[in-house]
Protein chains: 2
Amino acid sequence: MQNVFKIIWVLSCMLLTLHANEKVYKLKMATTWGPTLSPLIDAANNMATMAEKLSNGQLQIRIDTANKHKAPLGILDMVKAGQYDMGHSASYYWKGKDINTLPFTSMPFGLTSPEQYAWFYHGGGLELMQKVYDKHQVYSFPGGSTGVQMGGWFRQEIKTLDDLKGLKMRIPGFAGEIMARLGVQVTNIAPGELYTALDTNSIDALEWVGPSMDITMGFHKIAPFYYTGWHEPASEMHFIINQKAYKKLPKHLQDVLVVSMRLAAYDMYIQNYDMNANAWEKMKKEFPNITVKTFPKPIMDAMKKVNEALIEEMTQENALLKEVLDSQKAYQKKVRVWTQMSDYLYLKDNL
Amino acid sequence: MQNVFKIIWVLSCMLLTLHANEKVYKLKMATTWGPTLSPLIDAANNMATMAEKLSNGQLQIRIDTANKHKAPLGILDMVKAGQYDMGHSASYYWKGKDINTLPFTSMPFGLTSPEQYAWFYHGGGLELMQKVYDKHQVYSFPGGSTGVQMGGWFRQEIKTLDDLKGLKMRIPGFAGEIMARLGVQVTNIAPGELYTALDTNSIDALEWVGPSMDITMGFHKIAPFYYTGWHEPASEMHFIINQKAYKKLPKHLQDVLVVSMRLAAYDMYIQNYDMNANAWEKMKKEFPNITVKTFPKPIMDAMKKVNEALIEEMTQENALLKEVLDSQKAYQKKVRVWTQMSDYLYLKDNL
């Protein structure tokens with residue numbers, strides 16, 4: 001009889017141990033995007049689905065989109081405070097709170113997407129990102145690249161620097177600061193009112209994203225000049241996770257999470273590459289008059305000069321920001337030579 | 001007493017069920033590469049390490065490199081026969097056995113790496129690859145891109161089509177066939193003898209990979225002209241897995257395997273981007289006389305013409321090969337327009 005109870009005891013202990021290995025962990029993630037904003041929201045959804053599959057259901061991530069939490073630009077604060085465990089957003093949205101977060105999305109005249117991934121994973125970028133975000137008690141990881149963003153839709157062609165003076169344009173963030181220094185009257189208008197503002201000449205131009213996300217906005221129907229990108233050559237979204245929430249996960253589920261974020265990021269880059277190709281083909285077919293333009297060299301040179309002056313000002317009394325931007329600059333100098341002799345010279349003969 | 005036995009019975013059944021979920025699955029993978037051939041072997045190793053971590057030890061993949069199995073070009077046969085469960089190699093190595101496998105690595109004047117990933121994952125490429133490999137009872141997945149491969153090392157500059165006539169060059173595969181039609185005397189020399197062959201003028205030129213893998217071969221010390229790529233703009237390695245071995249895995253571990261392969265592939269692309277930048281910087285510093293050259297337009301045009309003629313011949317009586325190549329061609333036509341207005345025009349002003 002005693003033996004029978006011993007057997008029951010041992011079996012029960014084994015069951016409990018096994019059960020602990022099967023414990024379900026639930027995380028809540030907030031996104032800056034609404035539920036239909038492809039491809040950005042897809043990166044968040046794909047990451048969560050993948051984490052659940054890979055963990056055999058042990059890691060479950062519930063996503064609240066901006067429609068639910070109503071604080072699209074409050075993601076960092078909410079994750080920092082532990083109100084959410086994770087977030088999906090873009091690092092440069094936090095530049096008002098902490099200027100050091102600016103360089104982890106994309107910098108004007110900066111790295112392209114493969115160059116930037118190489119910087120993150122092999123050039124010290126990921127370590128610098130953790131150094132910056134440690135202050136906010138979160139970890140930050142690449143969360144999907146849009147690739148090159150277009151320079152925006154213009155109703156009139158921009159031929160000289162004078163054409164920029166007094167031009168009313170919606171272009172937010174750091175790129176807006178550059179444009180402002182060149183005499184552009186930078187305005188901020190809610191997304192829902194942009195089309196009408198452009199249509200009624202309240203503004204002369206606007207910057208949005210690229211064909212895949214611009215097409216539903218309809219700007220191509222009323223502004224025929226589509227300028228090529230200079231300000232965000234590789235905009236990388238990011239995942240953030242509260243450090244305490246991360247540390248509570250068993251090592252195996254931490255691995256699942258990191259792999260899911262990393263793959264969802266690359267996948268978004270490729271998805272958007274395809275979406276851009278399709279959207280542009282459709283736009284151009286329906287509105288053959290749209291013209292792709294590149295800013296003339298004197299304008300581009302002026303933008304570069306202002307960009308460098310602004311960076312100089314920002315970094316003067318900020319050693320950490322200087323460290324990050326210097327790291328990007330040094331990496332770009334090295335890697336761009338390779339990009340030129342590989343992709344660029346290949347494409348030059350195959351357009 | 002009866003109740004006690006009932007409890008033992010139920011507990012035992014639960015234990016058995018839980019134990020089944022924890023069963024360890026072991027797979028054997030053969031690679032075409034030796035144990036130190038970075039970055040190719042790294043993709044295989046990273047995939048295996050990741051699969052084991054993600055599955056919490058439940059999926060274990062043992063890798064035999066070419067040094068062990070001695071059949072670097074026997075991977076497809078061995079996996080087909082079930083001698084190995086998986087392989088890591090390159091699809092175009094099997095073109096002698098099955099010409100339809102040719103297009104899944106890289107085609108001359110074809111897609112770039114991001115374009116090709118977009119074709120695989122959003123343009124029908126992955127489905128076409130399974131269609132081709134079904135005949136061999138394996139599944140095939142992207143396994144890591146080298147990015148643009150360089151056109152090769154030449155001791156003399158190539159100025160006209162006449163300079164190609166009688167030129168002795170080591171350039172294997174489909175690119176070699178193109179060169180042969182332009183009068184090049186294409187030779188096949190074992191890798192270990194290439195340096196001496198070039199040094200003693202047994203050959204005038206050779207094609208290898210790109211800076212990251214060329215640097216250890218030392219060709220840059222004796223052949224100062226480094227030509228840009230045209231024949232393999234996005235060479236993608238591949239993972240293959242025996243269909244029966246794959247089907248034996250529980251669904252959850254199939255997911256782990258597919259995710260591990262997909263991420264290891266992207267990661268190799270980015271790793272090699274970084275390695276190329278570093279290797280080129282080092283070469284150029286130590287041998288400042290190396291010159292990067294692009295084949296003059298008449299040569300490039302002649303290569304394109306021969307390429308199209310060869311494809312025309314190959315596809316004439318092969319509907320499946322035609323389907324694959326037509327799919328790539330149509331996708332390239334659409335996506336290249338986007339590549340031009342995004343990456344290409346951005347880079348043009350930022351070199």
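The values are calculated or read from the model by the stated rules, or taken from the named source; none is laboratory data. The shown structure was predicted, so the numbers you read here are calculated from the model rather than taken from an experiment. With ideal geometry, Cβ positions are generated from the backbone for all residues, glycine too; neighbour counts draw on all protein chains shown.
Test B:M213 against the criterion of being crowded, with 19+ Cβ neighbours inside 10 Å, under 16 Å from the mean Cα position of the chain (by Cα) and in a loop (DSSP other than H, G, I, E, B), and give yes or no. In short, no.
Please state which one of B:K168, B:K80 is assigned by TED's automatic domain parsing to the domain that holds B:P296 and crowded, with 16+ Cβ neighbours inside 10 Å. Even if it seems obvious, please write down each step before you answer.
Working: B:K80 fails: assigned by TED's automatic domain parsing to the domain that holds B:P296.
Just a single option satisfies the conditions, and that option is B:K168.
Can we say B:A51 is surrounded by fewer than 22 Cβ atoms within 10 Å (Cβ to Cβ) and not polar (S, T, N, Q)? No, not satisfied. Restricting B:L257, B:L253 to those that are part of a helix (DSSP H, G or I) and facing chain A (nearest Cβ under 10 Å) reduces the list to B:L253.
Within the set A:N46, A:N100, A:N56, the sole residue that is buried (at least 19 other Cβ atoms within 10 Å of the Cβ) and at positive phi turns out to be A:N56.
Selection over the stretch B:218-260 of residues that are among the hydroxyl-bearing types (S, T, Y) and touching a helix residue (DSSP H, G or I) at 6+ places or on another chain (Cβ under 6 Å) gives a count of 2.
I need a count of the residues in the stretch B:130-171 that are within 22 Å of B:V209 (Cβ to Cβ) and of a type in the set (D, E, K, R).
In the first step, residues of the stretch B:130-171 are kept if they are within 22 Å of B:V209 (Cβ to Cβ); the result is B:140-158, B:164, B:167-171.
Okay, now just the ones that are also of a type in the set (D, E, K, R), so B:155, B:157, B:168, B:170.
Going through the stretch B:130-171 one residue at a time, the tally reaches 4.
Just one of the listed residues (A:Y226, A:Y266) is crowded, with 19+ Cβ neighbours inside 10 Å, within 14 Å of another protein chain (Cβ to nearest Cβ) and either under 30 Å from B:L253 (Cα atoms) or at pLDDT below 95 (or both), namely A:Y266. Looking at this structure, is A:G166 in contact with a strand residue (DSSP E or B) (Cβ under 7 Å, 6 or more places away or on another chain) and in a loop (DSSP other than H, G, I, E, B)? The answer is yes for A:G166.
Going through B:Y92, B:Y121, B:Y117, B:Y133 one at a time, which residue ends up being surrounded by fewer than 24 Cβ atoms within 10 Å (Cβ to Cβ), in contact with a helix residue (DSSP H, G or I) (Cβ under 9 Å, 6 or more places away or on another chain), under 28 Å from B:A309 (Cα atoms) and hydroxyl-bearing (S, T, Y)? Lay out the reasoning, then the answer.
On the way: B:Y121 fails: under 28 Å from B:A309 (Cα atoms); B:Y117 fails: surrounded by fewer than 24 Cβ atoms within 10 Å (Cβ to Cβ); B:Y133 fails: surrounded by fewer than 24 Cβ atoms within 10 Å (Cβ to Cβ).
None of the others qualify; the one that does is B:Y92.
Just give me the residues in the stretch A:278-321 being surrounded by 22 or more Cβ atoms within 10 Å (Cβ to Cβ) and outside the structural domain of A:G210 (by TED's automatic domain parsing), in sequence order.
Taking the stretch A:278-321 as the starting set, the residues that turn out to be surrounded by 22 or more Cβ atoms within 10 Å (Cβ to Cβ) are A:280, A:303.
If the condition is that a residue be surrounded by 22 or more Cβ atoms within 10 Å (Cβ to Cβ) and outside the structural domain of A:G210 (by TED's automatic domain parsing), then A:W280 is the only one that fits.
Condition check ((1) in contact (Cβ under 8 Å) with a residue 12 or more places away in the chain; (2) within 30 Å of B:I270 (Cβ to Cβ); (3) not aromatic (F, W, Y)) across all residues:
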| position | (1), (2), (3) |
| --- | --- |
| B:D162 | no, no, yes |
| B:R170 | yes, yes, yes |
| B:A197 | yes, no, yes |
| B:A234 | yes, yes, yes |
| B:M237 | yes, yes, yes |
| B:I240 | yes, yes, yes |
| B:Q254 | no, yes, yes |
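Taking residues in the stretch A:313-335 that are part of a helix (DSSP H, G or I), and partners anywhere that are basic (K, R), the pairs with Cβ atoms closer than 9 Å and at least 6 places apart or on different chains are A:M314/A:K322; A:T315/A:K322; A:L320/A:K131; A:E323/A:K131; A:V324/A:K131.
Look at the stretch A:337-349: where a residue is more than 7 Å from chain B (Cβ to nearest Cβ) and a partner is surrounded by fewer than 24 Cβ atoms within 10 Å (Cβ to Cβ) and part of a helix (DSSP H, G or I), sitting 6+ places away or on another chain with Cβ atoms under 8 Å, you get A:K348/B:Y344.
Restricting the stretch A:287-308 to residues that are in a helix (DSSP H, G or I) and touching a helix residue (DSSP H, G or I) at 6+ places or on another chain (Cβ under 8 Å), which is nearest to A:K135 (Cα to Cα)?
Of the residues in the stretch A:287-308, the ones in a helix (DSSP H, G or I) are A:297-308.
Then drop every residue that is not touching a helix residue (DSSP H, G or I) at 6+ places or on another chain (Cβ under 8 Å), which leaves A:298-299, A:302-303, A:306-307.
Values: A:P298: 41, A:I299: 38, A:A302: 35, A:M303: 32, A:V306: 30, A:N307: 27 Å.
By that ranking, first place goes to A:N307.
A quick yes/no check of all residues on (1) polar (S, T, N, Q); (2) not in a strand (DSSP E or B):
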| site | (1), (2) |
| --- | --- |
| A:I178 | no, yes |
| A:I189 | no, yes |
| A:L194 | no, yes |
| A:S202 | yes, yes |
| A:H220 | no, yes |
| A:A223 | no, yes |
| A:H231 | no, yes |
| A:I240 | no, no |
| A:L249 | no, yes |
